[in-house]
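Notes to accompany the following structure.
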Amino acid sequence: MAGPDARGDSETSAASPSSSPLSPPSHPATPGDATAHDSGHGHDGGHGGAGFRALVIGAIGVVFGDIGTSPLYAMREALHHSRSGGAAELAVLGVVSLVFWALILVVTLKYVVFLMRADNKGEGGTLALMALAQHAIGRKSGLIFLLGVCGAALFYGDGVITPAVSVLSAVEGLKDAPGIGPALAPYILAIAAGILIALFMVQSRGTASVAKFFGPLTAIWFLILAGLGLYHIFDDLSILRALSPHYGVLFLVDNGFLGFVILGSVFLAVTGAEALYADMGHFGKAPIRAGWIWFVLPCLTLNYLGQGALVLEHREAAANPFWMMVPQAAYWPVLVMATIATVIASQAVITGAFSVTRQAVQLGLLPRIDIRNTSESQAGQIFVPSVNMMLMVGVLVLLFAFKTSSALAAAYGIAVTGSMFVDSLLAWFIVRRLWKWSMPISLAVIIPMVSLDLVFLTSNLLKIPQGAWMPIALGGVLLLIMWTWVRGSQILSEKTHKDSLPLTDLIEMLRARPPHRAPGTAVFLTSDPDIAPVALMHNLKHNKVLHEKNIILTVRTADRPRVPEDKRVAFEPISDDFKRIVVTYGFMETPNVPRALGICRKQGLKFDIMSTSFFLGRRSVVPSARQGMPLWQDRLYIFLMRNAANPTDFFHIPPGRVVEMGAQVSV
């Protein structure tokens, strides 16, 4: 679909591509647009006791859902891969020790203590960190941009596999359920598929009405985890020895190279850790930190200790320690709560994929995509139909291809470790350029984080033959799409700029030879406010008219999550007939051109929206084998461009006021 966007098929852009093939889009930035600070998001400051507790409970439901489902399978997989199959005492103590210290080092120290300090106006996540790192060095960097794109691509790989492995691991509890459980066992895949399909089908209705229950229900789940763990710790209190890190080291040494493989399974216990950082903007730092340190971490620790004590007392429990620790009388309630918890965790991942998609579109990494708001009061409640459909198809394909949570666990983790590794690399630019730390201190902090990430990443790479290739392949496809879109948009922008006429020169020409004047106001959307828009040139050439009032409008994306309303619009008169307006949005916001023009009216720019015509430059792009990208990449770019969302809908322009003017260009 052709429309007003230099990131694709026309000239209006929310981000103008820069000169390097893998350089980021250039965004207008002012000092202080993106800063790292300890004060955190607005939620953190001045909260009352009741309000703070509500934020903590809300964070438990959204932020910790993924990591809260790991006890279902993490211990089982790690014990299964040990030399003894989990029967030896050292294997049990070693796995519990490694899990506990992974929670301390990766989640607590890296994310809760360190990375949550690096916020972009309260927002976290790989793309927010990328924008912050770009701002920190004060120039465009192809390396930082590439890291951010890789992190975003890997996030989608994680988003496909998390719902499948989480829900299936809960539903598999039917195998040992009393009563009708064994009779339902042959239908485990069908039941899991039904739950997941229902979850994806309700996304278009929004989750605001049920999201208020996510926090309390997930909190109950964590209390169940803690209760089960506490109950079984007394099976063998010697499990408390596992809190010492030397048992983990002894276990790795004893297993040799196999111990390195086991680390890939141990990492399953911390999948979801990146959600603490990515969801920081929704709840603020203090509620997330408090929820983790005082509630979630103790509950998880108790559960893993309980699983270990159970296996020490009953070695056969190593086959499936979580479900073996559930008493028969409580089995069905725990099974129901486990399923609810995995659905909530999957919901959080799906919502995160929607949010990352909006950021990627705003930052110019993807073409315009249909993004719908599902709540009038909450800006973060969005629905992206195309992403929802692709995730659902991907999840169902994985479900029926791998069939068991153990097989899925082999493919799980690689995308998460990749994202965490990207976060650590981007953090280097923050500590050196933004926080101005000395080289020795910076190295002392970053090297251990990068080393730990590399250990987990390489151990997960060993799972590639077992299925870890899938999220890598998906991430690679998305990386190719993003690179093609950025590079193609850059070529198109450069070609347009070279063939265009400066706006000031056009105004002088119109003064010398005035055209026929049409009543009303014309708004021309363009990516470069200094160049005469193609639609304006075609209007003059073919229709031989110029409106009484003409507005050159550019929509840009800042390197901050949100832009205050008082800084949303900047306009200046160029001549009696022309005015230039630049509308700036944050990468977490959805553009709305009529609303922005309403701000202009409040600032003294007089016009009637119902007598205003919006002119959009529409380009028909054809591939070229002799310039720009390879021919196959040209065709991919054109395919993406033709399938981009309608610009009228994307910018919320009244459809009856839009005029499109076309031209053909090669890339």
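Worth a mention:
- Mean-position separation - Cα centroids, segment 613-647 and segment 107-163, in angstrom: 29
- Carbon + sulfur, % of accessible area of segment 247-391 - ligands and nucleic acids excluded, 1.4 Å: 67
- Residue-normalised accessible area of the chain, expressed per residue, 1.4 Å probe, Å²: 38
- Bridging of LYS110 to lysines at a Cα separation below 25 Å is possible for LYS121, LYS285, LYS436, LYS463, once same-chain residues fewer than 8 apart are set aside.
- When shorter helices are ignored and each DSSP H run of at least 4 residues is given -39500 (n - 2.57), the per-residue value for the chain at 222 nm works out to -16500 deg cm²/dmol.
- Between amide H atoms placed 1.01 Å from N, distances below 5 Å from ILE382 occur with THR374, all of them 5 or more places distant or on a separate chain.
- Cross-link reach is defined here as a Cα-Cα straight distance under 24 Å, omitting same-chain residues fewer than 8 places apart; for LYS495 the lysines meeting it are LYS140, LYS541.
- The C-alpha atoms of the chain define a longest principal axis, and helix 297-313 lies at about 30 degrees to it.
- Principal-axis tilt of helix 593-602 within the chain, Cα atoms, nearest 10 degrees: 60
- Distance in nm between pseudo-label sites at ALA87 and GLN603 (7 Å out along the Cβ direction from Cα): 7.5
- The share of accessible area on segment 187-245 that comes from carbon and sulfur is 74 percent, using a 1.4 angstrom probe.
- Over segment 472-614: Rg over Rh, Cα atoms, Kirkwood Rh: 1.04
- Annotation: amide H of GLU123 has no partner in the under-5 Å range at sequence separation 5 or more or interchain, hydrogens built in the peptide plane.
- Carbon + sulfur, % of accessible area of segment 556-667 - ligands and nucleic acids excluded, 1.4 Å: 50
- Stretch gain in nm, segment ARG433-LYS175, where the contour uses 0.36 nm per residue and the Cα spacing is subtracted: 87.4 nm
- The angle separating the long axis of helix 126-137 from the principal Cα axis of greatest extent in the chain is about 60 degrees.
- Annotation: amide H-H contacts under 5 Å for HIS547 (H modelled 1.01 Å from N, sequence separation of 5 or more, or interchain): ALA518.
- Each semi-axis of the equivalent ellipsoid for the chain is √(5λ) with λ an eigenvalue of the Cα gyration tensor; in descending order they amount to 51, 24, 23 Å.
- Beta bridges assigned by DSSP with both partners in the chain are antiparallel in approximately 30 percent of cases.
- Sequence-distant aspartates and glutamates (8 or more away, or on other chains) whose Cα lies within less than 20 Å of LYS498: ASP5, ASP9, GLU11, GLU508, ASP528, ASP530, ASP634
- Length-normalised contact order for the chain - Cα pairs under 8 Å, 6+ apart - percent: 25
- FRET efficiency estimate (nearest 0.05) - Cβ-Cβ, ALA50 to ALA185, R0 45 angstrom: 0.50
- Using the Cβ of ALA193 as centre and a radius below 15 Å, the other residues enclosed give a net charge of 0, where K and R count +1 and D and E count -1.
The values are calculated or read from the model by the stated rules, or taken from the named source; none is laboratory data. Just so it is clear, the structure is predicted and the values come from calculations on it, not from any experiment. No Cβ is skipped: glycine too gets one built from the backbone with ideal geometry, and neighbour counts run over all protein chains shown. Ligands, DNA and RNA are stripped out before the accessible areas are found, and what is left, the full protein with its side chains, is counted by its heavy atoms. Shrake-Rupley method; radii C 1.70, N 1.55, O 1.52, S 1.80 Å.
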